[in-house]
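Just below is one structure, and these are the notes that go with it.
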2 protein chains.
Amino acid sequence: MNNFHCPFPYTATDFVQLSHGGSGRIAQRLLDAVFRPILGNPLLDLKHDSAILAIPGGRIAITTDAFVVHPWRFPGGNIGSLAVHGTVNDLAMSGARPVAISLAFVIEEGFAISALAEIAQSIRESVDRASVYVGAADTKVVERGKGDGIYISAAGVGEVVAVNPILPTSVTEGDAILLSGDVGRHGAAVMTVRDGLEVDPPIESDSAAVHEPVLAMLEAGIDIHCLRDVTRGGLATVLNEIATDGSAPIRIDEDKIPVREDVTAVCEILGLDPLYVACEGRFVAFVPADQAERALEVMRQFDVAKGAVRIGIAEGTKGRVEMKGRIGVLRILDLLSGEQLPRIC
Amino acid sequence: MNNFHCPFPYTATDFVQLSHGGSGRIAQRLLDAVFRPILGNPLLDLKHDSAILAIPGGRIAITTDAFVVHPWRFPGGNIGSLAVHGTVNDLAMSGARPVAISLAFVIEEGFAISALAEIAQSIRESVDRASVYVGAADTKVVERGKGDGIYISAAGVGEVVAVNPILPTSVTEGDAILLSGDVGRHGAAVMTVRDGLEVDPPIESDSAAVHEPVLAMLEAGIDIHCLRDVTRGGLATVLNEIATDGSAPIRIDEDKIPVREDVTAVCEILGLDPLYVACEGRFVAFVPADQAERALEVMRQFDVAKGAVRIGIAEGTKGRVEMKGRIGVLRILDLLSGEQLPRIC
């Protein structure tokens, strides 16, 4: 995305001003030059206070996340694509088909308009690929020093297609625990650029929308008990959340968890445990053991989940995550006290 | 709200840390101490990635806004109640019954936890009064100096109850233009505290949810053609937006527009035109002239619109807002070039 060309009458030397966040002509100019041509669609073009859409099923899922990743651009994506993928994935994790997202931008005065256009373009590509609409958007500008370039808050609306509730409390003893691919790549990608580590080739974020394998599993009749995308806090944290919220017993095999060598190397340099490092295009699925093989087959039909593996089983102590280490000893995989990696998403 | 008491194990000397925005135990403590007890409801308590709700009609409205008001507390409200009202009102302006909102918080390291609790409490009261759910929430913490206390992005989902499209393009020549009450109070309230003006008694923001008079008009069979809440840029700006987007002719009477004396006085001191100052609890409605009196009657049944008046008619030059001044001369009411009041919402 570094060779992005700005297709409108601003140049790289133009920067966001406070008045771009207001309601006057200057704000209109920014909207007309950047957001409308790049993000426009029949819903947004109405320029009204809200967009109206039809959801036949009548059961909808809603979600929200604020994105404050620093730096805003990293190998494999930027804050714009990240916001789309994170929102689409949260909806998918509830067994919902993503339909529309809304985006609220808080931009620091002085942010480059060419960067804004690069982000908008990346949003456009991500929503098109995920077949969702940008149904609503808002822009606010804050004074220099009162922000950090750009923050994006996204909310999403989806149509629930899963019949049974996909929740931690639905996890059943004996469930197979599946993981859609290698872990830790998003966090490693962001940290290498943030810390200026030279990694050749660069580690690319795994940031991607994962709704397709999820919806395909549902269509194939897999009785998914629980889903969770492996974001903040990494695999260890999300498994702990499921164990706590669902009083579920979770036991995984360290051997089975795919971590790329370059990710392991970067984590060693930075003193991080890859099991606590965020992904943005990976998820765990709890399914009945006798459906696990079929579920893996379905997942692997999609690029984003072609590395799907079975990593464990719902057994052991309720509410606890245990991991069988490489030499066969069981240990408890706990929550960290504080935050390993701030502003990773 | 200044005498707010924090009902949990934090004191006013406790401040938000970076780790409160993460995924570890410290973040859990903040969520458990502030957000869950105050904002909790059956949807949010599931602690899942998204909330699921039933919308029978199948037609939904979605909207989003980022709130960056400075200072975060002002007479008549704070950034929390403002976020709820703004979102509820955007939905109402599409003829939708507000159902659920989502909230994404970007909090600066060092923000007082007691202030966070005050804001959460204010959100709780506002959503309860408007009968909407907080369906999803997210918290991110950014380093000191990379934010300004707190920013909140809200998104909303509503069930569309209007049968005909409520849009600028639906405005019809001859429509009566109604305004739900006096203008400029929100902007004046925020500016007096921001600039340290001593006004006694203080000017209170008009921030409020206005969905009730709107839904009541629809129930009463009023054929509403267009609605717009009078926010950023004030009455003059939103009328210009409608004129431009709907190619509508708009003519209003300066005499008919209610502005309180204290608001006029503060605007004179600050060099502002009250017609360009934001409200957060006022709206304009375009309705067929023969339904105008009935519409005003319905609106005035609600406290929030008891000052509703007819301010003009859809006639004159298409795409232009004209105002008959106090001495009877018509002048064009244009968009401002830049922003009169940054960070007013």
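Over the protein assembly as shown, the pair-distance histogram of Cα-Cα distances with 20 Å bins from zero comes to 19, 52, 25, 4, 0 percent, rounded to whole numbers. What does the charge count around B:Gly110 come to, taking other residues whose C-beta lies under 13 Å from its C-beta (Lys +1, Arg +1, Asp -1, Glu -1)? After counting each charged neighbour, the total is -3.
The alpha carbon convex hull volume per residue for chain B rounds to 138 Å³.
For the options A:Gly325, A:Gly312, A:Gly58, a Gaussian network treatment of chain A with springs between C-alpha atoms closer than 10 Å singles out A:Gly58 as fluctuating the most. Placing a label point 7 Å from Cα along the Cα-to-Cβ axis, A:Glu143 is separated from the same position in the other copies by 2.1 nm, shortest listed first. The residues of the protein assembly as shown expose on average 36 square angstrom of accessible surface per residue, using a 1.4 Å probe on protein heavy atoms.
What's the buried accessible area, both sides, between A and B using a 1.4 Å probe, rounded to 100 Å²?
Details: alone 15490 and 15520 Å², together 24900 Å².
Approximately 6100 Å² gets buried when A meets B.
For chain B, the antiparallel share of DSSP beta bridges with both residues in that region comes to about 75%. Secondary structure note: in the protein assembly as shown, about 75% of the DSSP beta bridges are antiparallel.
Between the residues B:Leu330, B:Gly158, B:Gly319, the greatest Cα displacement towards the positive end of the dipole of chain B, with unit charges on the Cβ of Lys, Arg, Asp and Glu, is found for B:Gly158.
Roughly how compact is the range B:140-183, stated as its Cα Rg over 2.2 N^0.38 Å to two decimals? Please list the in-between numbers first.
On the way: Rg = 19.7 Å, N = 44, 2.2 N^0.38 = 9.3 Å.
The reported ratio for this selection is 2.12.
A Cβ-based charge dipole, computed about the Cα centre of the protein assembly as shown with Lys and Arg at +1 and Asp and Glu at -1, lands at about 180 debye.
Counting lysine pairs in the protein assembly as shown whose alpha carbons fall under 25 angstrom apart, excluding pairs fewer than 8 residues apart on the same chain, gives 16.
Estimate the FRET efficiency between A:Arg194 and A:Ala216 by the formula 1/(1 + (r/R0)^6), using the beta-carbon distance for r and 30 Å for R0, to the nearest 0.05. Write down the numbers at each step before the final one.
Details: r = 35 Å, r/R0 = 1.17.
That gives a FRET efficiency of 0.30.
Note on the range B:168-332: dipole from Cβ charges, positive end direction compared against B:Gly184, B:Thr237, B:Pro274; the farthest Cα belongs to B:Thr237.
Please get the size of the charge dipole for the range B:18-160, origin at its Cα centre, with Cβ charges of +1 on Lys and Arg and -1 on Asp and Glu, quoted in debye to the nearest 20. Write down the numbers at each step before the final one.
Details: 12 positive and 14 negative charges, 30 e Å.
Magnitude of the dipole: close to 140 debye.
Can you divide the C-alpha Rg of the range B:147-266 by 2.2 N^0.38 Å and report the result to two decimal places? List each step's numbers first, then the result.
Numbers: Rg = 16.9 Å, N = 120, 2.2 N^0.38 = 13.6 Å.
Computed over Cα atoms of the range B:147-266, the ratio equals 1.25.
Annotation: amide H of B:His225 within the under-5 Å range of B:Phe286, B:Val287, sequence separation 5 or more or interchain, hydrogens built in the peptide plane. Taking a quarter of the surface of the Cα convex hull of the range A:168-332 gives a mean projected area of 9.2 nm².
Placing a label point 7 Å from Cα along the Cα-to-Cβ direction at A:Ala265 gives distances to the equivalent points in the other copies of 7.2 nm, listed shortest first. As a rough guide to protection, the peptides B:30-39, B:91-100, A:128-137, B:183-192 ranked by mean Cβ packing within 10 Å, highest first, stand as B:183-192, B:91-100, A:128-137, B:30-39. Taken residue by residue and averaged, Cβ atoms of other chains lying within 10 Å of the Cβ of B:130-137 number 3. Model label sites at A:Asp32 and A:Arg144, defined 7 Å from Cα along the beta-carbon direction, differ in position by 2.7 nm.
For the range A:101-259, which whole-number percentage of the solvent-accessible area (1.4 Å probe, protein heavy atoms only) is attributable to carbon and sulfur atoms? Mind showing how you got there, number by number?
Working: 2050 of 4780 Å².
Heavy-atom surface of the range A:101-259 belonging to carbon and sulfur, 1.4 Å probe: 43 percent.
Each listed q (0.15, 0.17 Å⁻¹) maps to a log10 I(q)/I(0) for the range A:160-211, found by the Debye formula over equal Cα scatterers with no solvent: -0.66, -0.73. List the residues of the range B:208-240 whose accessible area drops by at least 20 Å² when all protein chains are present, compared with their chain alone, using a 1.4 Å probe and counting only protein heavy atoms. So the qualifying set is B:Arg228, B:Arg232. Put the Cα centre of the range B:262-292 next to the Cα centre of the range A:150-228 and the gap is 47 Å.
Between A:Glu173 and B:Asp303, the modelled label-to-label distance comes to 5.5 nm, taking each label 7 Å out from Cα in the direction of the beta carbon. Each Lys and Arg contributes +1 and each Asp and Glu -1, all at the Cβ; summed about the Cα centre of chain A, the dipole is approximately 520 debye.
Distances from B:Ile327 to itself in the other copies, using label points 7 Å out along the Cα-Cβ axis, amount to 9.6 nm in increasing order. For the range B:18-160, pairs of C-alpha atoms spaced more than 25 angstrom apart make up 24 percent of the total. Under 17 Å from the 7 Å Cα→Cβ point of B:Glu125, by amide nitrogen: which residues of the range B:26-43? Only B:38-40 pass the distance filter. Note on B:88-101: average number of Cβ atoms from other chains within 10 Å of each residue's Cβ is 2.
The values are calculated or read from the model by the stated rules, or taken from the named source; none is laboratory data. Note that the structure is predicted; figures quoted are calculated from it, not measured. Backbone-built Cβ (ideal geometry, glycine too); neighbour counts: all protein chains shown. For the accessible areas, the whole protein counts, side chains as well, though only heavy atoms, and no ligand, DNA or RNA atoms are used. Shrake-Rupley method; radii C 1.70, N 1.55, O 1.52, S 1.80 Å.
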